[in-house]
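Let me begin by presenting the structure, written as structure tokens, before commenting on it.
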Amino acid sequence: MTYSANELEQIEKFASIFLPISDMAIILGIPAEQLREDIKNRSCDVAKAYLRGKASSKVKLHTQEMMLAQVGSPLALENAAKNLLDMEDDE
């Protein structure tokens, strides 16, 4: 399916707030299964917009987590260590 620039912007925005794909599809007026299939195709523009939105918010969350870890939050320290292990596993 071909998506307009506006739809791609909306999908990126929705992904950045972790809105479920089924809700995105309702707002955009397209079948949820179609949107899921398009997102699975990593070379498709809609998949790139979705992943970019999701990743941008993950960056913000990791940044906050690291700031809390640096001031000694036990939970943040644990999460930062997990994030580091996840990062190293992905290398």
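Points to keep in mind about this one:
- When the solvent-accessible area of the chain is split by element, carbon and sulfur atoms take up 57 percent of it, the probe being 1.4 Å.
- For the chain, calculated [θ]222 nm from helices alone, where every DSSP H run of n ≥ 4 adds -39500 (n - 2.57): -25000 deg cm²/dmol
- Computed FRET value (nearest 0.05) for Q70 with D90, which takes r as the C-beta separation and R₀ as 30 Å: 0.85
- Label point 7 Å beyond Cα of K13 along Cβ direction - residues of the range 29-55 with amide nitrogen under 14 Å: 53
- Set the Cα radius of gyration of the chain against 2.2 N^0.38 Å, with N its number of residues, and you get 1.32.
The values are calculated or read from the model by the stated rules, or taken from the named source; none is laboratory data. None of these values were measured; they are calculated from a predicted model. Positions of Cβ are generated from backbone atoms using ideal geometry, with glycine treated the same way; all protein chains shown enter the neighbour counts. Note: accessible area is taken over every heavy atom of the protein model, side chains too, but ligands, DNA and RNA are not part of it. Shrake-Rupley method; radii C 1.70, N 1.55, O 1.52, S 1.80 Å.
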